[in-house]
Amino acid sequence: AWVLRGESGWQTNAKGQIELPALRIAGYSRSPRLLDDAEAVRQWFVGLAERIGVTIVNGPTVVSFKDSGMPDAGLSAFAIIAESHIAWHSWPERAYFMAEITSCKPFDANQAAAYTLNYFQVPQPLTCVVDSEWGNLPAKG
């Protein structure tokens with residue numbers, strides 16, 4: 001299993017708040033050119049959504065920052081899913097990327113991580129964590 005801690009999907013805490021988890025994945029790719037390929041990134045979003053059972057309602061939008069003059073500029077991508085969002089950023093010159101999958105709908109975090117790491121040819125992730133500490137929905141009145 002790739003996920004280091006936590007469970008995917010939402011849970012209710014002691015205060016009755018719904019905790020929204022975010023699966024965060026980061027690593028170095030064996031194929032830096034893949035991290036700079038906008039169409040390959042779009043296909044990852046589509047494949048990931050199919051595998052974890054979420055619905056893309058807008059995007060994926062992929063933006064290149066190569067002409068920005070910023071050092072290590074790469075691609076950033078985002079898709080709004082009916083259940084929340086998926087974000088992705090790359091630094092091809094460093095062969096590095098980060099992805100975040102946030103969903104109110106439970107999903108298999110290990111499946112999402114395995115697909116992502118295989119797709120982007122990452123032999124060992126730097127981070128692969130489900131974290132629900134960043135945000136809670138308030139309890140119903």
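State the extension gain, in nm to one decimal, for the chain segment bounded by Val46 and Asn110, taking 0.36 nm per residue of separation less the distance between their alpha-carbons.
Numbers: separation 64, 0.36 × 64 = 23.04 nm, distance 1.74 nm.
In short, 21.3 nm is gained.
Quick one: 3J(HN,Hα) in Hz for segment 76-87, Karplus 6.51/-1.76/1.60 with θ = phi - 60°, rounded, Gly and Pro as x.
Ordered by residue, 3J(HN,Hα) equals 10, 9, 8, 9, 8, 10, 4, 8, 2, 7, 9, 10 Hz.
Between Met98 and Arg33, what length comes free when the chain is fully extended (0.36 nm per residue of separation minus the Cα-Cα distance, one decimal in nm)? Write down the numbers at each step before the final one.
Values: separation 65, 0.36 × 65 = 23.40 nm, distance 1.53 nm.
Difference between extended and current length: 21.9 nm.
At q = 0.25, 0.26, 0.27 Å⁻¹, what log₁₀ I(q)/I(0) does a Debye calculation on the Cα points of segment 47-111 give, no solvent, two decimals?
-1.03, -1.07, -1.12
Heavy-atom accessible area per residue, segment 18-62, 1.4 Å probe: how many Å²? Display every interim value, and only then the final one.
Details: 2090 Å² over 45 residues.
It amounts to 47 Å² per residue over segment 18-62.
The values are calculated or read from the model by the stated rules, or taken from the named source; none is laboratory data. Note that this is a predicted model, so its numbers are computed, not measured. SASA here: full protein model, heavy atoms, side chains in, ligands and nucleic acids out. Shrake-Rupley method; radii C 1.70, N 1.55, O 1.52, S 1.80 Å.
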